[in-house]
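The structure appears right after this line, and notes come after that.
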Amino acid sequence: MKEPLCFTFGTRQTRVSFQDRLDVAGGRLTERTVTVFDQTTHDLFGQGALNPVILKPGEQNKTWTSVERIVEAALQKGLSRDDLLIGVGGGVVGDLTAFAASIYMRGCRVDLVPTTLIAMVDAALGGKTGIDFGRYKNMIGSFYPAENLRISVPVLASLPMDEYRAGLAEVIKTALLGDAELYALLRSKKEQILRQDQTLLEGIVERCIRIKGQIVEEDFNESGKREILNLGHTFGHALEALSGFAWKHGDAVAWGIGRALELGTNLGLTDKHYAREISDLLRAYGFTLEIRGYEAADLFQAMRADKKKRSGRLRFVLQRSLGVTEVLVVEDGDVLEVLNGM
Ligand SMILES: NC(=O)c1ccc[n+]([C@@H]2O[C@H](COP(=O)([O-])OP(=O)(O)OC[C@H]3O[C@@H](n4cnc5c(N)ncnc54)[C@H](O)[C@@H]3O)[C@@H](O)[C@H]2O)c1
């Protein structure tokens, strides 16, 4: 199996190890370790788990109530600051567990075992934690990287196709940010990627981790370069929240990338040929770039709650072409023009 990857995020280290078979605890289990699952990941991977907390699955449960469940279990088992929470699941379990770890006694240790594609290539790495608040996506949270990520790509075999595909949205996003080889692979090996060719997939996961890891090492607190990782997210988060989280994160991000390309094209920034090529690629992977049933004004209102605004003004990650990315304040009228054209 591959060598572990090590990253430094702020003052903390994250070690990413790759496993042929899932080993949830990596030998770090003690009586004061609490392992967090959702019902699905517990059914799949939780056999014999010590001190499990089993949450309801899904974005609707990325809430204070779930954090309280984790904190209650930690208190009940007598965890101290040097004890460990382990989160086993997708981005929801990971964001919740790491957030709970960041506030439990002002911070205990946390490992993550990502079991969805989104969590492997994106959510588990880089230390963004959090919960949704009402309809506000990720509105409460912290920067708190896990000490260890244990990645076993074969666990993706049980992932339903729509969840797997949603993860590919973040893979495509990563390629667009500047990995021409990954982009070429996504274009030329679509069938193999969709049917989870293991060798290909392991390479893709590692590539995405390296790219995200490097970006976050440069700008852990998102005061600069890290913002580019939000490509498609300002539009996407608004749709996700407005749909009451019926839209999956990855699907909403793919739609958001489409809207960001259109916004960039309207502003004369994005190369038209590039915008068309990426939209075609997203459609080829089954993403929907046209939506019905949403009012432009409602989406715009949801965007106004986005964390990426500065001094009250919305900022967008836009691209000129592959790997040429800019973060810009955009006039409300230009955003509304895109939303009105949905
Ligand atoms: N912190 C970050 O930097 C970051 C980055 C990207 C996304 N996110 C967050 O991640 C979340 C989306 O992640 P997600 O798509 O993994 O959602 P999720 O955690 O809800 O997982 C999706 C579904 O797959 C199930 N599942 C998990 N592993 C499985 C497996 N191996 N086999 C079968 N089913 C399995 C889960 O039970 C769940 O029902 C969003 O909340 C998003 O905001 C965070």
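The values are calculated or read from the model by the stated rules, or taken from the named source; none is laboratory data. Here the structure is a predicted model, which means the values were calculated and not measured. When we count neighbours, we look across all protein chains shown, and the Cβ atoms used for this are built from the backbone with ideal geometry, even at glycine. The accessibility values were calculated without ligands, DNA or RNA, using every heavy atom of the protein model including side chains. Shrake-Rupley method; radii C 1.70, N 1.55, O 1.52, S 1.80 Å.
Observations on the model:
- Criterion violated by Ile70 - all others in (1) in a helix (DSSP H, G or I); (2) more than 9 Å from the ligand (Cβ to nearest atom); (3) open to solvent by less than 10 Å² (accessible area, probe 1.4 Å); (4) within 21 Å of Val216 (Cα to Cα) satisfied: (4)
- Qualifying residue in the range 62-72 (condition: farther than 16 Å from Ala98 by Cβ and at pLDDT 95 or above): yes
- Subset tally (residues that are in contact with a helix residue (DSSP H, G or I) (Cβ under 8 Å, 6 or more places away or on another chain) and either under 20 Å from Leu156 (Cα atoms) or crowded, with 20+ Cβ neighbours inside 10 Å (or both)) for the range 28-53: 9
- Every listed requirement among (1) surrounded by fewer than 17 Cβ atoms within 10 Å (Cβ to Cβ); (2) modelled with pLDDT of 95 or more is met by Leu263 save one, (1).
- Some residue of the range 155-166 being open to solvent by less than 30 Å² (accessible area, probe 1.4 Å), more than 11 Å from the ligand (Cβ to nearest atom) and in a helix (DSSP H, G or I): no
- Single match in Leu79, Leu125, Leu96 (criterion: crowded, with 22+ Cβ neighbours inside 10 Å, within 14 Å of the ligand (Cβ to nearest atom) and in a loop (DSSP other than H, G, I, E, B)): Leu125
- Members of the range 23-48 found to be hydrophobic (A, V, I, L, M, F, W, C) and away from the ligand (no atom under 15 Å from the Cβ), listed by number: Ala25, Leu29, Val34
- Looking only at the range 99-122, and only at residues there that are within 7 Å of the ligand (Cβ to nearest atom) and more than 15 Å from Ala25 (Cα to Cα), the one that is least open to solvent (accessible area, probe 1.4 Å): Ala119
- A residue that is within 24 Å of Lys62 (Cβ to Cβ), in contact (Cβ under 8 Å) with a residue 60 or more places away in the chain and in contact with a His (Cβ under 7 Å, 6 or more places away or on another chain) occurs somewhere in the range 158-167.
- Strands (runs of 3 or more DSSP E) completely within the range 3-57 that count 1 or more residues being among the acidic types (Asp, Glu) and under 25 Å from Arg69 (Cβ atoms): 33-38
- Restricting attention to the range 191-209, the residues being under 20 Å from Glu277 (Cα atoms) and open to solvent by less than 50 Å² (accessible area, probe 1.4 Å) number 2.
- Selection from the range 210-227 of residues that are surrounded by fewer than 24 Cβ atoms within 10 Å (Cβ to Cβ) and either touching a helix residue (DSSP H, G or I) at 6+ places or on another chain (Cβ under 7 Å) or closer than 15 Å to Ala166 by Cα (or both): Ile211, Lys212, Ile215, Glu218, Asp219, Lys225, Arg226
- Number of positions in the range 128-154 that are part of a loop (DSSP other than H, G, I, E, B), buried (at least 24 other Cβ atoms within 10 Å of the Cβ) and touching a Leu at 6+ places or on another chain (Cβ under 6 Å): 1
- A single member of Leu261, Leu269, Leu194, Leu242 is farther than 21 Å from Val338 by Cα, touching a residue at least 24 places away in the same chain (Cβ under 8 Å) and of a type in the set (A, V, I, L, M, F, W, C), and it is Leu194.
- Residues within the range 1-19 that are open to solvent by 90 Å² or more (accessible area, probe 1.4 Å) and touching a residue at least 60 places away in the same chain (Cβ under 8 Å), tallied: 2
- Screening Ala180 with (1) of a type in the set (Gly, Ala, Ser); (2) farther than 25 Å from Val317 by Cβ; (3) surrounded by fewer than 17 Cβ atoms within 10 Å (Cβ to Cβ) gives one miss only, at (2).
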